[in-house]
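Report on one structure; see the data block that follows.
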Amino acid sequence: MTFDLILVGFGHVARRFVHLLHEQQRTLERDFGFNARIVAIATRRHGAARSPRGVDARKLAKRVERGLPVGSEEACSTVAFLRSVLQTHAVSARKRQLVVIETTTLDIERGQPAIDHVRTGLSGRAHVVTANKGPVAFAYSELARAARQAERRFLFEGAVMDGIPVFNFVRETLPGVRVNSFRGVVNSTTNFILTAMEQGEPFERALEAMQKAGTAEADASLDVDGWDAAAKTAALANVLLGGRLTPKLVKREGIVGLTVDRLAAARARGGRVKLVASARREGRRVRASVAPTELPAADLLAGLEGQQNAVILETDLLGEIAVVQRGSGLTQTAYALVSDLVTIARDVNRPRDTPRARR
């Protein structure tokens, strides 16, 4: 089986995904029965490229890294370009082998145009995989309903903890378990900065290191002001707790006001300051917050170093379950996209009358 992939966005994550697909090609064919070809790439500012037989995405990745455009075709409207490519590959869509890979940057105001990318992909009968938090944080209920109506998958494992399968873990392995609340450290950039500041590193230098690594958001204020964590909190709350939040409904405080002295004082008291994201069901409502919090040393979240992340789920039947990520980066996020492709391949290969888990 061959998946035709349409890439919307071609930044660090998408380009690492292209290389990872090539690196894992034999494994994907042997163990999961599929290969993939990239038939189109769309960007808002760096042109677009398409070919029914597939484009040389690795070559195009090298062009972008040299500051050259993806291709000569303009894609002023990524939605219009996507709609055109979907029409060209309608046969692949009918065979359930067309996938939109959405990796544009987070828009914290409305989650656009990523929401429209997902909506357009599903309306064109394509599966959609995104690493963008916006669609899940702003429009999860609508998009999940659209995916069910189209009988296609809408997956987003890379939206919160890179390659760590939080959503898949709950959906596939905890049948009948109710998640009542969660708390965690979900932004690797701020955790790296706080760890560095505890060791005397200036805030600005630590942030610069994350930007050079391609880990920090393109707009660094999304990380340090807590917006990225708020979007991830909304996404987790919407999917795991049945919330209808947006990032702006998450009570939020970032790390900009923290000082080396405050972090040192917390360590002297036997604690550590972490940017903690949390949400809880309260009757029919879900309340969520993101804020720097001093934690006792025995707290699992207090022990997270550098770019490490973790989410602790509080459940009705199993008590607390912790999912810990000891390392994060571009490869982990790109892997999440590959993992979601494997989920789709399993679904497509499953007999149509066999039920699958839904959440």
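A single entry from 336, 277, 310 fulfils the requirement of being in contact with a helix residue (DSSP H, G or I) (Cβ under 8 Å, 6 or more places away or on another chain) and under 26 Å from residue 27 (Cβ atoms): 336. With respect to (1) more than 19 Å from residue 180 (Cβ to Cβ); (2) assigned to a strand (DSSP E or B), the lone exception for residue 278 is condition (1).
Here's the yes/no breakdown for (1) in contact with a Phe, Trp or Tyr (Cβ under 6 Å, 6 or more places away or on another chain); (2) assigned by TED's automatic domain parsing to the domain that holds residue 299:
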site: 120; (1), (2): no, no
site: 124; (1), (2): no, no
site: 138; (1), (2): no, no
site: 143; (1), (2): yes, no
site: 188; (1), (2): no, yes
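In segment 84-128, of all residues being of a type in the set (D, E, K, R) and on the phi < 0 side of the Ramachandran plot, the one that is surrounded by the most Cβ atoms within 10 Å (Cβ to Cβ) corresponds to 102.
Within segment 324-345, being under 24 Å from residue 195 (Cβ atoms), assigned to a helix (DSSP H, G or I) and hydroxyl-bearing (Ser, Thr, Tyr) holds for 331, 333, 335.
When segment 166-214 is filtered for residues that are crowded, with 20+ Cβ neighbours inside 10 Å and in a loop (DSSP other than H, G, I, E, B), the ones remaining, listed by number, are 186, 187. Here segment 53-83 is the region considered, the condition is being closer than 17 Å to residue 5 by Cα, out of contact with any Gly (no Cβ under 9 Å at 6 or more places or on another chain) and not aliphatic (A, V, I, L, M), and the residue that is surrounded by the most Cβ atoms within 10 Å (Cβ to Cβ) is 81.
Residues in segment 15-60 that are more than 18 Å from residue 344 (Cα to Cα) and of a type in the set (Gly, Ala, Ser) were compared, and the one that is modelled with the lowest pLDDT is 47. Inspection of segment 285-305 identifies no residue that is under 19 Å from residue 245 (Cα atoms), without any contact (Cβ under 8 Å) to a residue 40 or more places away in the chain and part of a loop (DSSP other than H, G, I, E, B). Has segment 131-139 got at least one residue that is under 15 Å from residue 7 (Cα atoms) and either within 15 Å of the chain's Cα centre (by Cα) or at pLDDT below 95 (or both)? Among the residues of segment 131-139, at least one is under 15 Å from residue 7 (Cα atoms) and either within 15 Å of the chain's Cα centre (by Cα) or at pLDDT below 95 (or both), which makes the answer yes.
Scanning segment 8-57 for residues that are out of contact with any strand residue (DSSP E or B) (no Cβ under 6 Å at 6 or more places or on another chain), in contact (Cβ under 8 Å) with a residue 40 or more places away in the chain and within 18 Å of residue 80 (Cα to Cα) gives 9, 44. Checked against (1) outside the structural domain of residue 25 (by TED's automatic domain parsing); (2) crowded, with 20+ Cβ neighbours inside 10 Å, residue 303 passes all but a single condition, namely (2).
Could you go through segment 85-102 and let me know if any residue there is without any contact (Cβ under 8 Å) to a residue 12 or more places away in the chain, under 27 Å from residue 347 (Cα atoms) and part of a helix (DSSP H, G or I).
The answer is yes; a qualifying residue exists.
Among 63, 119, 58, which is closer than 18 Å to residue 341 by Cβ, basic (Lys, Arg) and not in a loop (DSSP other than H, G, I, E, B)?
Within the list 63, 119, 58, the selection yields 58.
The values are calculated or read from the model by the stated rules, or taken from the named source; none is laboratory data. Quick caveat: nothing in here was measured; it's all calculated off a predicted structure. So basically every Cβ, Gly included, is an ideal-geometry build from the backbone, and we count neighbours across all protein chains shown.
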